[in-house]
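Coordinate-derived values only; no laboratory data. These figures come from a predicted structure and were not determined experimentally. Using ideal geometry, Cβ is built from the backbone for each residue, glycine included, and neighbour counts are taken over all protein chains shown.
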Amino acid sequence: MKITFYGHNTLLIEIEEIKVLIDPFISGNPLSKEKIDVNTIKADYILLTHAHEDHVLDAETIAKTNNATIVSNYEIAMHYQNKGIEVHPMNHGGNWDFEFGKVKYVTAIHTSSFADGTYGGQPGGFIIEGEHKNIYIAGDTALTMDMKLIPLSTKLDLAILPIGDNFTMGVDDAIIASDFVACDKVLGVHYDTFGYIEIDHDVAKRKFFEKNKDLMLLEIGGSISL
Ligand code: NI
Ligand code: MN
């Protein structure tokens, strides 16, 4: 499993030959738009955690150019189905076996509306099991007790957590979240994109290190392999 960071909460997960894109927000991201070309991104599936613009802005374009399937909560799935895009609707607690592996849609504490105010269902995160690796993509969320449910069924290899604060958990709560999900290996996302969520990288990494945890912060376009 290879994970590439395109900025904010945008990630490309490659599982064998299948490309799974998470929360595409590139053309509106001042940190990504010069470095990543939306028109050249390849995706077989696009997973959307919630309807906020900083998670779905480029979903329609990329889905249409790639003939990709959008996977999200029921309301978001119907929104894109009405635009002629192939979708797979899910809801909290549900699992589905896709060709690349198993996906579970899990709770997130946040909101979810489209940019025009249309209802975007309830926000969520994803647990993806593929190539014998298990990852948790929290999406935008507060620290929540529901995270404690995850290790009851899944032994995680990586937790992808928001760390930018203000709209989501900050670093201190993300450290507690990594305890709740029983995974000390964390990839930080949802930081630096706008003024509200700028963080000090060294301070964040040191706080994780002091708790014997590993916080990874990737350059835009950077990858890790599990
Ligand atoms: Ni959001
Ligand atoms: Mn967001």
Diffusion coefficient in µm²/s returned for region 125-207 by Stokes-Einstein, Kirkwood Rh over C-alpha pairs, 4 °C and 1.567 mPa s, is 101 µm²/s
In nanometres, the difference between 0.36 nm per residue of separation and the alpha-carbon distance of N82 and K211 is 41.8 nm
Among K104/K213; K102/K211; K19/K104, the pairs whose Cα-Cα distance exceeds 22 Å are K104/K213; K102/K211
FRET efficiency for F114 and D157 from the Cβ-Cβ distance with R0 = 35 Å, rounded to 0.05, comes out at 0.60
In nm, the gap between the two label points placed 7 Å beyond Cα toward Cβ at H92 and Y74 is 1.3 nm
The aspartates and glutamates whose Cα lies under 18 Å from the Cα of K83, excluding any fewer than 8 residues away in the same chain, are D23, D44, E53, D58, E60, E75, D116
With label points set 7 Å from each Cα along the Cα-to-Cβ direction at E53 and H201, the distance between them in nm comes to 2.8 nm
For region 35-42, in residue order, the Karplus 3J(HN,Hα) values (coefficients 6.51, -1.76, 1.60; θ = phi - 60°; whole Hz; Gly and Pro = x) are 9, 10, 9, 4, 6, 9, 6, 9
Once both label points are put 7 Å beyond Cα along the C-beta direction, the E34-I224 separation in nm becomes 2.7 nm
Excluding residues fewer than 8 positions from K207 in its own chain, the lysines with Cα under 20 Å of it are K185
Per the helix-only model, the chain has a calculated mean residue ellipticity at 222 nm (DSSP H runs of ≥4, -39500 (n - 2.57) each, divided over all residues, rounded to the nearest 500) of -5000 deg cm²/dmol
Residues meeting the amide H criterion for L187 (H placed from the backbone, H to H distance under 5 Å, 5 or more places apart or on another chain) are A159, I160, L161, M216
For the chain, the convex hull over Cα atoms projects on average to an area in nm² of 10.9 nm²
